[in-house]
Amino acid sequence: MTERLEDIAIAMVAEGQGILAADESTATIRKRFDSINVENTETNRRDYREMLFRANEAMKNYISGVILFEETLYQKAADGTPFVDLIRKAGAVPGIKVDMGAKPLAGSKIETVTEGLDGLRERLSKYHAAGARFAKWRAVISIADGLPTWNCVKANAHALARYAALCQEAGIVPIVEPEVLMDGPNSSHGIERCYEVTEWVLKTQFQELYDAGVVLEGMILKPNMIVPGQKCETQASVEQVADMTVRCLKSCVPSAVPGIAFLSGGQSDQLATAHLSAMIAMHSLPWKLTFSYGRALQAAALQAWGGKSENVAAGQRAFAHRCAMNGLAATGKWQAELEKAA
Ligand code: 13P
């Protein structure tokens, strides 16, 4: 039976569920492990991710898809069960990060362009055979004096569109992730500047997707929220972030796109949850909105685990709590008191 891209995309944004971004590259997971003094070995990476994927209730109830790094797509749990099978058994769709990272853009000291198109068609067909039904490619846009440049915006949008078209050809739903950084090299910009740059990036992105023939019904957008830079002196209220994010997305994202799943980007766990919930509670929306968080879903679980097998249950409880809070947020029903109750 052929699976339709549209159906996979709809499953990825099922009501009250969202996507776990567990696709940290070996270099990125090292940073996370360093913070808890755990050595970055293949076994530790396996044990950590097995803890998350075996948090059964949380996975079944709140997680619609899991983004994996290539190593994890082919990895097995300690008892030999392939991770892909664990994820499928929990009712979630396995996905794979396919970009090869943000590399310096020629001529720039700060800006990057995400690479990985060479050989991508062949890799996608291997990943599909291994069970992946969606993919992720992240472009990074920095805000600073005179940045981003049009060169950077255009090059990244073009690469994302070429990636997305190749995914759809392979029967894989592309997550299109153009991230405007809140914690870039100079993150003192205000929320208005984030709005302006994100609008520019998204308008460019959808033109490129159109030019590449990408079917909007068979993709998911993974954007940043509209927030001030991390070092900005004027931070925004939850309502302001929700209002400006929805306004920006409505003006840029066609309603043919089935779902938008946000990255957390360096927001605290609770703020990422509060922002999502406010958007859904206070606005009528033409697409599903949900989470595709990495740090904001995992930070508490990582701390609770600390690399010790006797802490696996505590790590799973912390993960389950964050999943439940974000599951509520994805229906607009999260409230701050629920955090304390736990
Ligand atoms: P964060 O939620 O930690 O930003 O990660 C999401 C992600 O997948 C970045 O590519």
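Report whether or not ALA274 is closer than 17 Å to SER64 by Cβ, out of contact with any strand residue (DSSP E or B) (no Cβ under 6 Å at 6 or more places or on another chain) and either open to solvent by less than 10 Å² (accessible area, probe 1.4 Å) or within 16 Å of the ligand (Cβ to nearest atom) (or both).
Working: closer than 17 Å to SER64 by Cβ: no; out of contact with any strand residue (DSSP E or B) (no Cβ under 6 Å at 6 or more places or on another chain): yes; either open to solvent by less than 10 Å² (accessible area, probe 1.4 Å) or within 16 Å of the ligand (Cβ to nearest atom) (or both): yes.
Taking the combined requirement at face value, the residue does not satisfy it.
Looking at this structure, is PRO94 open to solvent by 40 Å² or more (accessible area, probe 1.4 Å) and at pLDDT 95 or above?
So PRO94 does not fit the description; no.
Taking the stretch 76-106 as the region of interest, how many residues are without any contact (Cβ under 8 Å) to a residue 12 or more places away in the chain and either in contact with a Leu (Cβ under 8 Å, 6 or more places away or on another chain) or assigned to a loop (DSSP other than H, G, I, E, B) (or both)?
The qualifying residues number 4.
Regarding the stretch 78-89, can at least one residue be identified that is within 13 Å of the ligand (Cβ to nearest atom) and touching a helix residue (DSSP H, G or I) at 6+ places or on another chain (Cβ under 9 Å)?
no
To keep it simple, each residue is scored yes or no on (1) open to solvent by 10 Å² or more (accessible area, probe 1.4 Å); (2) in contact with a Gly (Cβ under 9 Å, 6 or more places away or on another chain); (3) within 16 Å of the ligand (Cβ to nearest atom).
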| residue | (1), (2), (3) |
| --- | --- |
| LEU209 | no, no, no |
| ILE226 | no, no, yes |
| ALA256 | yes, no, no |
| GLY259 | no, no, yes |
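Go through GLN298, GLN316, GLN267, GLN335 for me and flag whichever is surrounded by 16 or more Cβ atoms within 10 Å (Cβ to Cβ) and more than 15 Å from the ligand (Cβ to nearest atom).
GLN316
Determine the pairs where a residue that is hydroxyl-bearing (Ser, Thr, Tyr), located within the stretch 228-257, has a partner that is open to solvent by 90 Å² or more (accessible area, probe 1.4 Å) with Cβ atoms under 9 Å apart, the partner being 6 or more residues away or on another chain.
Within 9 Å, the pairs are SER251/LYS203.
Given the options SER264, SER255, SER284, SER292, name the one that is assigned to a loop (DSSP other than H, G, I, E, B) and within 26 Å of GLU50 (Cβ to Cβ).
SER264
Here's a check for you: in the stretch 108-147, which residue that is charged (D, E, K, R), within 16 Å of the ligand (Cβ to nearest atom) and not in a loop (DSSP other than H, G, I, E, B) is nearest to ALA164 (Cα to Cα)?
LYS136
Is it the case that VAL215 is open to solvent by 30 Å² or more (accessible area, probe 1.4 Å), modelled with pLDDT of 95 or more and touching a Leu at 6+ places or on another chain (Cβ under 7 Å)?
The answer is yes for VAL215.
Please pick out the residue among GLU233, GLU177 that is open to solvent by less than 30 Å² (accessible area, probe 1.4 Å), among the acidic types (Asp, Glu) and under 30 Å from TRP334 (Cα atoms).
The conditions single out GLU177.
For the stretch 282-295, name all the residues that are of a type in the set (Gly, Ala, Ser), within 7 Å of the ligand (Cβ to nearest atom) and open to solvent by 10 Å² or more (accessible area, probe 1.4 Å).
GLY294, the sole residue that qualifies.
Specify which of the listed residues (ALA14, ALA21) is in a strand (DSSP E or B) and of a type in the set (A, V, I, L, M, F, W, C).
Answer to the check: ALA21.
The values are calculated or read from the model by the stated rules, or taken from the named source; none is laboratory data. Every value quoted in this text rests on a predicted model; they were computed, and no experiment measured them. So basically every Cβ, Gly included, is an ideal-geometry build from the backbone, and we count neighbours across all protein chains shown. The area values use the complete protein model at the heavy-atom level, side chains included, leaving out ligands, DNA and RNA. Shrake-Rupley method; radii C 1.70, N 1.55, O 1.52, S 1.80 Å.
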